[in-house]
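Remarks on the structure that follows.
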Amino acid sequence: MCSRVACSRDAVATLTYDYGDQMAVLGPLAVTNEPNGYDLCAIHAERLSVPQGWQILRYSVLGERGLGA
Ligand SMILES: [Zn+2]
C-alpha cells in the first residue's frame, strides 16, 4: 500500500532518502521493509517532490517509460 496519508492505492515503488548526498531514490518496490523507505503508488511516485537542493534519482519502475524524458 502507498504510505501517503489518505491514499489507498497499491504501492509500485519504494522511496528512500539519502541524506548524505541529498538524494531521493525512487526504485522498484522493496520486498523487505526498508526502515527508511516509503512505499508509493504510481501517482505519488510520479508527483514526488523533494526539499530544495535535493535530487531525485529514478530507477525504472514497472516498465514505466519516458519519465522525465
Ligand atoms: Zn499514493
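Kindly report the accessible area of the chain per residue (heavy atoms of protein chains, probe 1.4 Å, no ligands, DNA or RNA), in Å².
Spelled out: the 1.4 Å probe surface of the chain, per residue, equals 72 Å².
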* Asked: What are the trypsin sites (Lys or Arg not before Pro) within segment 1-50 that DSSP puts in a loop, where the Cβ has at most 12 other Cβ atoms within 10 Å?
  -> ARG47
* Asked: Sequence-distant or interchain residues sharing an amide H contact under 5 Å with GLU34, placed H: which?
  -> none
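Semi-axes of the equivalent ellipsoid for the chain, please: Cα gyration tensor eigenvalues, times 5, square-rooted, ordered largest first, whole Å.
For the chain, the ellipsoid semi-axes come out as 17, 15, 12 Å.
Quick one: pull the percent of accessible area on the chain belonging to carbon and sulfur, 1.4 Å probe, ligands and nucleic acids left out.
So the carbon and sulfur contribution to the accessible surface is 48 percent.
The values are calculated or read from the model by the stated rules, or taken from the named source; none is laboratory data. Source: prediction; values computed, not measured. Cβ sites come from the backbone with ideal geometry, for glycine too, and all protein chains shown count toward neighbours. Surface areas here come from the heavy atoms of the whole protein model, side chains and all, with no ligands, DNA or RNA. Shrake-Rupley method; radii C 1.70, N 1.55, O 1.52, S 1.80 Å.
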